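Enquirer: Can you keep this structure in mind? I'll have questions shortly.
Each reported figure results from applying straightforward, stated rules to the coordinates on display, with no laboratory input. Small disclaimer: the values here were computed from a predicted structure and weren't measured. When we count neighbours, we look across all protein chains shown, and the Cβ atoms used for this are built from the backbone with ideal geometry, even at glycine.
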Amino acid sequence: MELDVAKYLDELTTEQPNPNSFGIDAKSTKEILKIINHEDSKVPEAIGREIPAIAQVIDLVVEHFKQGGRLFYIGAGTSGRLGVLDASECPPTYGTPPEMVQGIIAGGREALVRSIEGAEDIEADGVKAINDRGVNARDVLIGITASGHAPYVIGAIKRARELGAPAVALSCNKNSKTFQYADYRLFIDVGPEIVTGSTRMKSGTAQKLVLNMITTAAMIKLGKVFNNLMVDLMPVNNKLVVRSKRLIQTATGCDPKTAAQAFEDSGNRPKIAIVMVILGINREEAERLL
């Protein structure tokens with residue numbers, strides 16, 4: 001098994017030395033930062049080349065959301081943490097129930113703050129994670145892995161498909177093993193890492209950007225954004241309360257006093273308040289229309 005993994009890693013782009021960062025250990029701080037910045041600038045370009053494939057996945061996710069389905073991210077290490085991060089931001093930003101977008105990381109909650117590298121090697125644990133969450137044909141699974149060979153993610157993808165859920169593989173290597181099992185492939189070719197094999201860098205940045213694109217575009221298409229305003233946010237702290245009132249003003253052109261009153265009358269729901277102000281109606285009628 002070790003020999004197979006070694007051979008596989010030899011073929012991965014992210015495991016190759018980067019000629020542009022050769023000798024970085026002898027550079028000044030500014031020179032190091034310029035190298036990192038130059039390499040990082042390649043990430044958005046790599047994502048841009050995959051926009052058609054990403055759009056296809058987003059439309060799939062929206063379709064399944066409309067059927068009452070859920071979106072699951074699953075990964076190990078940095079990839080898993082990024083999935084959990086993106087999922088955890090959806091409820092406060094878009095007012096979604098916490099079960100709608102879920103992040104699963106190999107090793108569980110402890111792996112969010114402490115590296116548990118061996119957790120990615122157990123395929124059966126990936127299968128169990130899918131079973132434990134009752135994944136079904138209405139759901140969508142996105143397996144995230146920079147190298148593309150994590151058995152935990154592969155096990156999850158296999159099991160999700162057995163249960164009828166479409167599976168997406170997001171990887172930064174053309175030879176990703178996850179691509180062999182997934183229904184949809186997102187290959188973000190960021191090239192070799194600045195520090196060889198350190199996939200928390202360009203690969204992690206690429207994954208973060210793609211996940212942001214997926215949930216943001218999906219929520220826009222679900223009507224959770226008015227113009228470019230996140231009107232379904234949950235005002236759970238003072239900053240978000242102030243932001244909510246500002247959103248109402250921006251969306252309707254009303255004065256601060258009117259915005260504050262509408263916010264209160266709506267039950268602290270900016271989207272409801274905006275409809276109330278624009279149409280001059282009460283909360284019940286605004287809720288019915290929406």
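Enquirer: Could you state the principal axis extents of the C-alpha atoms in the stretch 44-107, from the largest down, to the nearest angstrom?
Expert: 31, 31, 20
Enquirer: With point charges of +1 on the Cβ of Lys and Arg and -1 on the Cβ of Asp and Glu, referenced to the Cα centre of the stretch 126-264, which listed residue (Val168, Asn131, Ser198) lies farthest in the positive direction of the dipole?
Expert: Among Val168, Asn131, Ser198, the one farthest towards the positive end of the dipole of the stretch 126-264 is Ser198.
Enquirer: Take the Cα gyration tensor of the stretch 34-184, multiply each eigenvalue by 5, square-root it, and list the three semi-axes largest first, rounded to whole angstrom.
Expert: Equivalent-ellipsoid dimensions as semi-axes: 22, 19, 17 Å.
Enquirer: Among Val242, Val190, which comes first, second and so on when ranked by fewest other beta-carbon atoms within 10 Å?
Expert: In order of increasing Cβ crowding within 10 Å: Val242, Val190.
Enquirer: What distance in nm lies between label points placed 7 Å from Cα along the C-beta direction at Ile116 and Leu289?
Expert: 5.0
Enquirer: Right, here's the next one. Roughly speaking, what % of Cα-Cα pairs in the stretch 183-290 are separated by over 20 Å, rounded to a whole number?
Expert: Of all Cα-Cα pairs in the stretch 183-290, 53 percent lie more than 20 Å apart.
Enquirer: Please give the charge dipole size of the stretch 8-221, origin at the Cα centre, charges +1 on K and R Cβ atoms and -1 on D and E Cβ atoms. Round to the nearest 20 debye.
Expert: 400
Enquirer: Relative to the first principal axis of the alpha-carbon coordinates of the chain, what is the inclination of helix 238-252, with its axis defined by its Cα atoms, in degrees from 0 to 90 and to the nearest 10?
Expert: 70
Enquirer: Please order Phe263, Phe187 by the number of other Cβ within 10 Å, starting at the fewest.
Expert: Ascending number of Cβ neighbours within 10 Å: Phe187, Phe263.
Enquirer: For the chain, what's the relative contact order in percent, using C-alpha pairs closer than 8 Å and at least 6 residues apart?
Expert: Over the chain, the number comes to 19 percent.
Enquirer: Mean separation of Cα pairs under 8 Å and 6+ residues apart, divided by the residue count of the stretch 47-113: what relative contact order is that in percent?
Expert: Here the relative contact order equals 32 percent.
Enquirer: Could you please report the charge total around Gly155, scoring K, R as +1 and D, E as -1 over all other residues with beta-carbon less than 12 angstrom from its beta-carbon?
Expert: Spelling it out: positives minus negatives among the neighbours equals 0.
Enquirer: A follow-up question, please. If Rh is defined by the Kirkwood formula over all Cα pairs and Rg also comes from Cα, what ratio Rg/Rh do you get for the stretch 238-289?
Expert: Rounded to two decimals, Rg over Rh is 0.93.
Enquirer: So for the chain, taking the charge dipole from beta-carbon charges (+1 Lys/Arg, -1 Asp/Glu), which of Leu60, Met276, Gly148 sits furthest toward the positive end?
Expert: Met276
Enquirer: Just name one of Ala286, Val43, Ala218: the one whose Cα is farthest towards the positive end of the charge dipole of the chain (beta-carbon charges, Lys/Arg +1, Asp/Glu -1).
Expert: The residue sitting farthest along the positive end of the dipole is Ala286.
Enquirer: I've got another one for you. Check each of the trypsin sites (Lys or Arg not before Pro) in the stretch 89-129 and keep only those in coil by DSSP with at most 13 other C-beta atoms within 10 angstrom; list them in order.
Expert: Counting only loop positions with at most 13 other Cβ atoms within 10 Å, the trypsin sites (Lys or Arg not before Pro) in the stretch 89-129 are Arg114.
Enquirer: Work out from phi, with θ = phi - 60° and the Karplus expression 6.51 cos²θ - 1.76 cosθ + 1.60, the ³J(HN,Hα) of each residue of the stretch 216-228, listed in order in whole Hz, and give x for Gly and Pro.
Expert: Those phi angles translate into 5, 5, 4, 5, 4, 5, 8, x, 8, 10, 10, 6, 10 Hz.
Enquirer: Relative contact order, percent, of the stretch 238-289 when contacts are C-alpha pairs under 8 Å separated by at least 6 residues?
Expert: 28
Enquirer: Could you tell me what a quarter of the Cα convex hull surface of the chain works out to, in nm² with one decimal place?
Expert: With every direction weighted equally, the projected area is 17.7 nm².
Enquirer: Let me understand the stretch 1-97 better: what is its radius of gyration from the alpha carbons, and its Dmax, in angstrom?
Expert: 19.0, 56
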